[in-house]
Amino acid sequence: MKAPRLGLIGLAVGVIGGVALIAGGCASEQEKRGHELYTHYCSDCHGESGKQNEGFNWSSMPDPKPKDLSNKGEMSTFKDEELFATISRDMLDTSEEGGDTIGDDDFAVPTMPTFKYTLSEDEIWAIVGHVRTLHGMKMEFNVAARKTSLEEGLKTAQAKFEQAKQAYEAAEKKASDEAERKSEQLKKDVDVDESVYAAEQAAMGQAKKEMDAAQVALNNFSTRPGKGLSISRPDLTTKPADVAKLVDRGKRLYENKYGCNGCHNVGGEGGKIGPVLDRAGFRLNATWVYRWLKNPQAMDAHTRMPALGLSDADAKAVTMYVATLRAPKAEPVAEKPVEKP
C-alpha cells in the first residue's frame with residue numbers, strides 16, 4: 001500500500017449510545033445529536049473519549065490505527081473544514097500498482113470509512129462539533145450560514161436556468177418563424193435551422209445541470225443521500241476467463257480502497273465490528289452482497305456499516321471476491337475427560 005497521509009483524523013464505526021451532557025448544563029440538540037452519531041458510528045474504533053486503544057476494535061485494526069482525538073496539541077492544528085472533509089470524502093485506492101494518484105494533502109487511510117454517502121451534511125457537522133469537545137474546543141464553523149448559502153445558491157441557479165430557458169425559447173421561436181417565412185416565400189417546406197439556437201440550447205442544458213446540483217446539495221444538507229434509493233438487480237455475469245482477474249481486483253479494493261478489513265475479519269486478521277467473512281461465500285447471496293455494498297441503509301436502516309460510494313464496477317469486483325471466501329468449518333475441539341482422583 002502507498003504510505004497514507006496521517007495528518008487528519010479518521011472516524012470509524014461504533015455502537016449506539018445515549019444522551020450527551022457537557023459542562024455547564026444540557027447540550028444543545030445539535031450537540032446531543034453529534035454525540036449520538038459519534039457513539040453509533042465512531043466510538044468502536046476511536047473510543048468514547050477519543051483516546052487511543054479505548055475503542056474495543058482499536059487493537060484489532062490494521063495500521064495505521066485511529067488517531068488520538070483527545071490530543072488538543074495536534075487536533076487544534078486542523079480546521080473544522082478539514083475534519084469535515086476527512087469524514088465526508090471519496091475513498092482512494094492506495095494500492096501501489098493500479099491505485100489512485102494520491103497527493104500530499106489527500107487523506108488516504110482505507111480503514112477510515114467515508115460517511116459522505118450515509119449521513120446528511122448537517123449530521124456530519126454535528127459529529128465534527130462533538131469531536132471538537134473531545135479535545136476541549138468548540139467548532140467555529142457556522143452551520144446555519146452554510147444552509148443559508150445553499151438556499152441562496154439554489155435560488156440563484158433557478159433564476160439562471162429560467163433566464164437561459166427564456167433565451168432558448170426566444171431563439172427557437174425566431175428560428176421557427178424564419179423557417180415558416182422562407183417556406184411561404186419558396187412555396188415549399190423549409191426545415192428549422194437548429195444551429196441558430198444551439199448556443200442557447202447548450203446554455204440552458206448547463207444551467208439545468210447547475211440547478212440540479214444546487215438542489216441535490218441543499219437536499220443532502222438535511223436528508224441522508226441514500227434515503228429512498230433502491231439498488232436494482234445487478235448483472236454479475238462474468239466470462240470465465242475474466243473471473244480470476246476480477247476477484248484479484250476485488251480483494252485489492254476490499255483492503256486498499258474501502259478498508260473492509262478494518263471492521264471484518266478474514267483468516268484471523270481484521271477488525272471485529274462486522275461479522276467474520278471466512279465463510280461468506282457459502283452463506284451470502286451474491287446479489288444481496290452487491291446491493292448491500294451499494295447502499296446498506298436501504299436494506300437495514302439501523303446498520304452501522306456506511307455506504308462507501310462504490311461504483312457498479314467496484315461493487316461487482318468486491319462481490320466476486322467475497323464469493324470466494326469459503327473456508328472449511330472449524331473442527332470442534334474435543335473436550336478431554338476429567339480424570340477422577
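The values are calculated or read from the model by the stated rules, or taken from the named source; none is laboratory data. Computed from a predicted model, the values in this text were never measured in an experiment. Methodologically, a virtual Cβ is constructed for each residue, glycine included, from the backbone with ideal geometry; neighbour enumeration extends over all protein chains shown. Quick note on the areas: whole protein, heavy atoms, side chains included, nothing else; ligands and nucleic acids left out. Shrake-Rupley method; radii C 1.70, N 1.55, O 1.52, S 1.80 Å.
Things worth noting here:
- Among the listed pairs Lys251/Lys329; Lys51/Lys79; Lys32/Lys155; Lys51/Lys251; Lys32/Lys209; Lys187/Lys208, those beyond 28 Å (Cα-Cα): Lys32/Lys155; Lys51/Lys251; Lys32/Lys209; Lys187/Lys208
- Electrostatic tally near Ser232: other residues with Cβ closer than 12 Å to its Cβ, Lys and Arg +1, Asp and Glu -1, net +1.
- Cleavage-rule hits, GluC sites (Glu not before Pro), the stretch 80-109, DSSP coil, Cβ neighbours within 10 Å at most 14: Glu96, Glu97
- Build a GNM of the chain with springs between Cα atoms under 10 Å apart, and of Arg249, Arg181, Arg132 the one that fluctuates most is Arg181.
- Relative contact order (percent, whole number), the chain, Cα cutoff 8 Å, 6+ residue spacing: 20
- Across Met211, Met61, Met320, mean-square fluctuation computed from a Gaussian network of the chain (C-alpha pairs under 10 Å connected) peaks at Met211.
- Highest average packing first - 100-109, 254-263, 307-316, Cβ atoms within 10 Å: 254-263, 307-316, 100-109
- Helix 198-222 axis, angle to the chain major axis (alpha carbon atoms, nearest 10°): 30
- Three-way shape label, the stretch 80-166, alpha-carbon gyration tensor, a/c 1.5: oblate
- Between the amide H of Ala108 and those of Arg5, distances stay under 5 Å, these residues lying 5 or more places away or on another chain, with hydrogens modeled in the peptide plane.
- Sequence-distant aspartates and glutamates (8 or more away, or on other chains) whose Cα lies within less than 17 Å of Lys182: Glu172, Asp191, Asp193, Glu194
- Only Cα pairs under 8 Å and 6+ residues apart enter the sum, and on that basis the relative contact order of the stretch 29-135 stands at 34 percent.
- Å² of accessible area per residue within the stretch 88-247, as computed with a 1.4 Å probe and no ligands counted: 61
- Between 0 and 90°, nearest 10: helix 312-323 axis offset from the chain longest Cα axis: 20
- Acute angle (nearest 10 degrees) that the helix 121-134 long axis makes with the longest principal axis of the chain, alpha-carbon atoms: 40
- Using a Förster distance of 35 Å, the FRET efficiency for Glu178-Val216 (Cβ separation, nearest 0.05): 0.35
- Carbon + sulfur, % of accessible area of the stretch 237-332 - ligands and nucleic acids excluded, 1.4 Å: 55
- By definition, a body whose alpha carbon gyration tensor gives a ≥ b ≥ c is oblate when a/c is 1.5 or more and a/b is not larger than b/c, and the stretch 279-327 fits this oblate description.
- Size of the chain from its Cα atoms: along the principal axes, largest to smallest, the extents are 120, 63, 36 Å.
- Within a Gaussian network of the chain (alpha carbon springs, distance under 10 Å), most fluctuating of Ala175, Ala301, Ala217: Ala175
- Relative contact order for the stretch 144-222, counting Cα pairs under 8 Å that sit 6 or more residues apart, in percent: 46
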